[in-house]
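Read through the structure below, which is laid out as structure tokens, and then see the notes.
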Amino acid sequence: MNNLIRFLRRYYYVFLFLVLEGLSIYFITLNDSKQSSSIISAANNISGTFNNTIENINSYFYLKSKNDALVKENLQLRQQISSSYVKLINNIHEESDTVYKQRFSFIDARVISKTVNKRNNYFMLDKGSLSGVEPDMGVIAPNGVVGTVVKTTENFSLVMSVLHQDSKLNVRNERTKTTGTLIWNGHTYSTGQIVDMPSSIALKKGDTVVTSGFSRDIPEGIMIGTVKDFTKESGTGFYKVNVKFSVDYNKLEYVYVIKNFFKTEQDKLMENIKELQEEQQ
Amino acid sequence: MIRDIVICAVQFIILVFCQVFILDNIYFLGFINPMLYVWFIIMLPFATPKWLVLVSSFVLGVCIDVFSADIGINACVCVLIGFIRPALLNAFSGNIDNVTFQRPSVSSLGLKNYLPYMALTVFIHHLLYFLIENFSFDEILTTLLRIVLSSVVTIILILLSDMIFFKKNE
């Protein structure tokens, strides 16, 4: 008994180390689970509150540039509203109430914390499940794609940026219509990489790259950026393309979270495909 | 003694604040993510009991983690740093009186002893942090570059802050 106590006394420090280390590793494993655990929610709530306060102060310093950006976006929108167009053919969309069905709606949100200097970058938004934000929703900025919501609490949500090693986004070259996958190699936040873009159709520097719409979370035709340079990968028949992002992720301020009304329907269809595949095997 | 605890607490808050709201938002060349907060563990007084080093390292790590998206990495690495700190200090400090509330710094240890102790701690911290963060060997060269560059910047930052803040006290 005495020996045991002496042993414990001598090595309590190692046990404490093991306990704390075990606890930390348990925290790390929580990150991967799909459903938000209460620990992570609590952490997000605390940091969300702090970030919100800091961001409120910070945002005063950028009022001018933000106004400029808003004016620019207003201009774009103004050019799209119907009053800017003259009706040329009268009998096409006359009784078209049932022709269009809304597929996407947008929730505006503000970025309250962000990183761009890590390998895996995230944004935190000031809207959460109370405002209708759910995991897997796409997030875009006025001039390009931002990422996907991964976790939400009542008032905040965490967005996996396209600057993340798990981010894979299907994109399309607007001119050639060829598609590829957008990834990020972790080097600079202004440049992304496209792989799997067939080299059978020649690329050009400056080509516009947009989302393909194959992803259920982000609509078609959202700007990604422009082709900066590219190399043909020998033996594969694919290009390796560097894309200059149209969004400056370091200055991101206001974003839109996208709600897809057809998501459950599309998900159901995808499940059918999985079942079919399983049956065939 | 109480004065020392208060000083430590204030340093803790300032370092966490600096790390989360300033250093994590700095973007430089894409590879550099200095982590000055390790300095807190490095400069805990010599006489701090081992368990207190471990617990405060853990709390420090958790505080930083709360503000980053992937929870647990900083805590995990900090606890390990806290665990090996006494051994490192022993190796480099020689015969410093262990009852004093003196802190490891350039003035107390001398640059010759302080620099290897501090640099080794920082390097181990960054090595583990970036390896766990990436968790794959796909981009191992990029990760290594990131580890080395960030370590160098952190070491320079700690040396500079050390020279600025510990000069005044004497």
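Please treat every number below as a calculation from the coordinates, not as lab data. Since we're looking at a predicted model, the values are computed, not measured. For neighbour counting, all protein chains shown are included, and Cβ atoms are generated from backbone atoms with ideal geometry for every residue, glycine included.
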- Message: Springs between alpha-carbon pairs under 10 angstrom, Gaussian network model over chain A: which of A:GLY138, A:GLY221, A:GLY206 fluctuates most?
- Response: A:GLY206
- Note on the structure: Per the 1/(1 + (r/R0)^6) rule, R0 = 22 Å and r from the Cβ atoms of B:LEU52 and B:ILE14, FRET efficiency to 0.05 is 0.70
- Distance histogram for the protein assembly as shown (every C-alpha pair counted, 10 angstrom bins, percent rounded to whole numbers): 4, 17, 25, 23, 15, 9, 5, 2, 1, 0
- Give the relative contact order (percent, whole number) for the stretch A:169-247; include only Cα pairs under 8 Å separated by 6+ residues. 31 percent
- Note on the structure: Counting only DSSP loop positions in the stretch A:183-281, the trypsin sites (Lys or Arg not before Pro) whose Cβ has at most 13 other Cβ atoms within 10 Å are A:LYS204, A:LYS205
- Query: If we sort A:16-24, A:190-198 on the protection proxy, mean other Cβ atoms within 10 Å, highest first, what's the order?
  - Reply: A:190-198, A:16-24
- Message: Tell me the relative contact order for the stretch A:129-264 as a rounded percent, counting alpha carbon contacts under 8 Å between residues six or more apart.
- Response: 25 percent
- Note on the structure: The answer for the per residue Cα convex hull volume of the stretch B:2-169, in Å³, is 114 Å³
- If R0 = 22 Å, then B:VAL152 and A:THR191, at their Cβ-Cβ distance, give a FRET efficiency to the nearest 0.05 of 0.40
- Can you pull the one-decimal nm distance between simple spin-label points at A:SER33 and A:LEU77, each 7 Å off the Cα toward Cβ? 4.0 nm
- So how do A:148-155, A:164-171, B:135-142 stack up, highest first, on mean other-Cβ count within 10 Å? A:148-155, A:164-171, B:135-142
- Query: By the scheme Lys and Arg +1, Asp and Glu -1, what is the net charge of all other residues having a beta-carbon under 14 Å from that of A:ARG119?
  - Reply: -4
- Whole-Hz couplings from phi, Karplus 6.51/-1.76/1.60, listed for the stretch A:212-222; x for Gly and Pro: 7, x, 6, 6, 6, 9, 10, x, 6, x, 7
- Task: With the Cα gyration tensor of the stretch A:169-247 in hand, convert its eigenvalues to equivalent ellipsoid semi-axes via √(5λ) and list them largest first in whole Å.
- Result: 18, 15, 12
- Item | Separation of the A:TYR254 and A:GLU271 label points, Cα + 7 Å toward Cβ, nm | 3.8 nm
- Query: A:PHE104 to B:LEU111: FRET efficiency via 1/(1 + (r/R0)^6), r the Cβ-Cβ distance, R0 35 Å, to the nearest 0.05?
  - Reply: 0.05
- Note on the structure: Output for the stretch A:198-281: GluC sites (Glu not before Pro) sitting in coil per DSSP, at most 15 other Cβ within 10 Å, listed by number, reads A:GLU220
- Could you pull out the pairs from A:LYS177/A:LYS205; A:LYS114/A:LYS240; A:LYS66/A:LYS251; A:LYS204/A:LYS228; A:LYS168/A:LYS244; A:LYS177/A:LYS240 whose alpha carbons sit more than 20 Å apart here? A:LYS114/A:LYS240
- Task: Identify the chymotrypsin sites (Phe, Trp or Tyr not before Pro) of the stretch A:224-281 meeting these criteria: DSSP loop state and at most 14 other C-beta atoms within 10 Å of the C-beta.
- Result: A:PHE261, A:PHE262
- Query: Within chain A, which DSSP H helices have Cα atoms that stretch 24 Å or more along the helix axis and a mean Kyte-Doolittle hydropathy of at least -0.5?
  - Reply: A:2-32, A:38-58
- Message: Using the basic label-point model (7 angstrom from Cα toward the beta carbon), what is the A:ILE54 to A:ASP229 distance in nanometres?
- Response: 3.6 nm
- Query: Summing -39500 (n - 2.57) over the DSSP H runs of n ≥ 4 in the protein assembly as shown and dividing by its residue number, what mean residue ellipticity at 222 nm do you reach, to the nearest 500 deg cm²/dmol?
  - Reply: -16000 deg cm²/dmol
- Task: Please list the non-local residues whose amide H lies under 5 Å from the amide H of A:ILE112, H modeled 1.01 Å from N, same-chain partners needing a gap of 5 or more.
- Result: A:MET124, A:LEU125, A:ASP126
- Task: Would you mind calculating the relative contact order of chain A from Cα pairs under 8 angstrom and at least 6 residues apart, reporting the percent as a whole number?
- Result: 16 percent
- Diffing the stretch B:136-148: the Karplus 3J(HN,Hα) column from phi (6.51, -1.76, 1.60, θ = phi - 60°), in whole Hz with x for Gly and Pro, holds 7, 9, 4, 10, 4, 5, 4, 4, 4, 4, 4, 4, 5
- Query: Based on the Kirkwood radius over alpha-carbon pairs, what is the Stokes-Einstein translational diffusion coefficient of the stretch B:1-79 at 37 °C with 0.692 mPa s viscosity, in µm²/s?
  - Reply: 248 µm²/s
- If the convex hull of the alpha-carbon atoms of the stretch A:114-270 is projected onto planes in all directions, what is the mean projected area in square nanometres? 9.5 nm²
